[in-house]
Amino acid sequence: MRVEVVVNIASGSVGKDAPAQAEAILAAHGVEGRVHAPSEGELNACLRAAIDSRPDAVLVVAGDGTARAAAEMAGPDGPMIAPLPGGTMNMLPHALYGVVPWPEAMAACLENGQTRMISGGEINGRVFFVAAILGSPALWAEAREAARAGRADLALMRARRALRRAFSGRLRYVLDGRPKGKTEALSLMCPLVSAELDANEQALEAAALDPSSALDIFRLGVSTVTGNWRDDPSVVVGRCRIGKVWAGGRIPAILDGEPVRLDDTVSIRFRPKAFRALVPAV
């Protein structure tokens with residue numbers, strides 16, 4: 001087996017010793033590979049070069065955005081991708097490997113790794129593999145990112161904007177040809193993480209979250225904590241293979257934990273074969 005390892009030492013939980021740790025793990029398992037530690041501005045180019053060299057697998061120690069980028073670059077026909085947990089939220093790594101440190105996940109993949117085809121979703125060409133949230137609640141993620149960067153002033157400004165936008169910019173949507181709906185936010189969950197979908201389900205789980213007051217938001221929050229949010233009267237849940245969402249302006253969104261801004265009209269589709277993951281054999 002020949003692998004490429006890309007380590008983002010500036011990511012949330014990686015650290016400057018990570019490249020040496022990765023090299024030691026490769027050596028301990030007798031695996032041929034190269035370890036790269038690019039600067040932040042060179043990260044995507046390094047990923048692209050690693051994937052284009054056609055190794056058996058590319059192991060990525062970084063945050064959610066880099067994990068998603070690597071999986072999207074490789075696609076279903078590229079090398080296997082192991083998105084190891086090196087960020088803050090680690091949504092895709094935790095879904096694939098559980099909540100374990102990246103050296104443990106890396107060692108498990110090298111000891112008895114196998115290929116697992118991962119499905120996902122696509123919104124206007126942007127791919128996600130865990131979950132997407134569209135609508136004003138996604139603005140809170142922008143405030144979170146500013147706080148993580150140490151910009152308290154910017155975080156406060158974005159938090160105020162999120163409060164102002166609540167209930168003021170609702171989404172319209174059509175899913176799988178069903179009647180048009182209106183909602184405050186639309187959540188799309190992949191089979192990889194949905195508690196309601198089988199892992200081989202050929203659709204996304206779609207949930208329209210439409211609280212109409214602060215009391216509804218509180219009740220929905222309690223339901224989310226207790227795990228009963230699908231039963232909340234302000235939530236409409238269904239399956240989705242294709243869909244369309246539109247609004248009066250650009251749509252804020254979160255794709256696998258990363259905030260993005262979408263156009264005012266977007267198309268949704270389920271992708272049954274999104275990328276090949278390297279995972280430990282069960």
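As for segment 99-107, it holds at least one residue that is assigned to a helix (DSSP H, G or I) and small (Gly, Ala, Ser).
Which is among the acidic types (Asp, Glu) and either in a loop (DSSP other than H, G, I, E, B) or more than 19 Å from Arg116 (Cα to Cα) (or both), of Glu23, Glu4? Full working, then the answer.
Working: Glu4 fails: either in a loop (DSSP other than H, G, I, E, B) or more than 19 Å from Arg116 (Cα to Cα) (or both).
After ruling out the rest, the residue left standing is Glu23.
Being surrounded by fewer than 20 Cβ atoms within 10 Å (Cβ to Cβ), touching a residue at least 12 places away in the same chain (Cβ under 8 Å) and closer than 21 Å to Glu111 by Cα is the filter here, so list the residues in segment 6-25 that pass it.
Just the residues of segment 6-25 that are surrounded by fewer than 20 Cβ atoms within 10 Å (Cβ to Cβ), to begin with: 9-10, 12-13, 15-17, 19-21, 23-24.
Right, trim to touching a residue at least 12 places away in the same chain (Cβ under 8 Å) and you get 9-10, 12-13, 19, 21, 23.
Across segment 6-25, the qualifying residues are Pro19, Gln21, Glu23.
Yes or no: Arg250 over 20 Å from Met73 (Cα atoms), touching a Lys or Arg at 6+ places or on another chain (Cβ under 9 Å) and modelled with pLDDT of 90 or more?
It is false that Arg250 is over 20 Å from Met73 (Cα atoms), touching a Lys or Arg at 6+ places or on another chain (Cβ under 9 Å) and modelled with pLDDT of 90 or more.
Summed over segment 98-137, the residues that are closer than 23 Å to Arg250 by Cα and surrounded by fewer than 24 Cβ atoms within 10 Å (Cβ to Cβ) give a count of 10.
Determine if segment 170-184 includes at least one residue that is assigned by TED's automatic domain parsing to the domain that holds Asp263, surrounded by fewer than 21 Cβ atoms within 10 Å (Cβ to Cβ) and at pLDDT below 80. Scanning segment 170-184, I find no residue that is assigned by TED's automatic domain parsing to the domain that holds Asp263, surrounded by fewer than 21 Cβ atoms within 10 Å (Cβ to Cβ) and at pLDDT below 80, so the answer is no.
Do we find a residue being more than 22 Å from the chain's Cα centre (by Cα), surrounded by 17 or more Cβ atoms within 10 Å (Cβ to Cβ) and of a type in the set (Gly, Ala, Ser) anywhere in segment 78-88? No, that holds for no residue. The residues in segment 26-47 that are more than 15 Å from Ala70 (Cα to Cα) and assigned to a strand (DSSP E or B) can be counted, and the count is 4. When segment 44-65 is filtered for residues that are surrounded by 22 or more Cβ atoms within 10 Å (Cβ to Cβ) and at pLDDT below 95, the ones remaining, listed by number, are Ala62, Gly63, Asp64.
Quick grid of which residues meet (1) hydrophobic (A, V, I, L, M, F, W, C); (2) touching a Gly at 6+ places or on another chain (Cβ under 9 Å); (3) part of a helix (DSSP H, G or I):
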position	(1), (2), (3)
Val14	yes, yes, no
Ala49	yes, no, yes
Arg54	no, yes, no
Val60	yes, yes, no
Ile81	yes, no, no
Gly87	no, yes, no
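May I ask you to verify whether Val279 is at pLDDT 95 or above, closer than 23 Å to Gly75 by Cβ, among the β-branched types (Val, Ile, Thr) and buried (at least 20 other Cβ atoms within 10 Å of the Cβ)? Criteria not met by Val279.
The values are calculated or read from the model by the stated rules, or taken from the named source; none is laboratory data. Keep in mind that this is a model prediction, so the values were computed, not measured. Glycine gets a Cβ as well: all are built from the backbone with ideal geometry, and neighbour counts include every protein chain shown.
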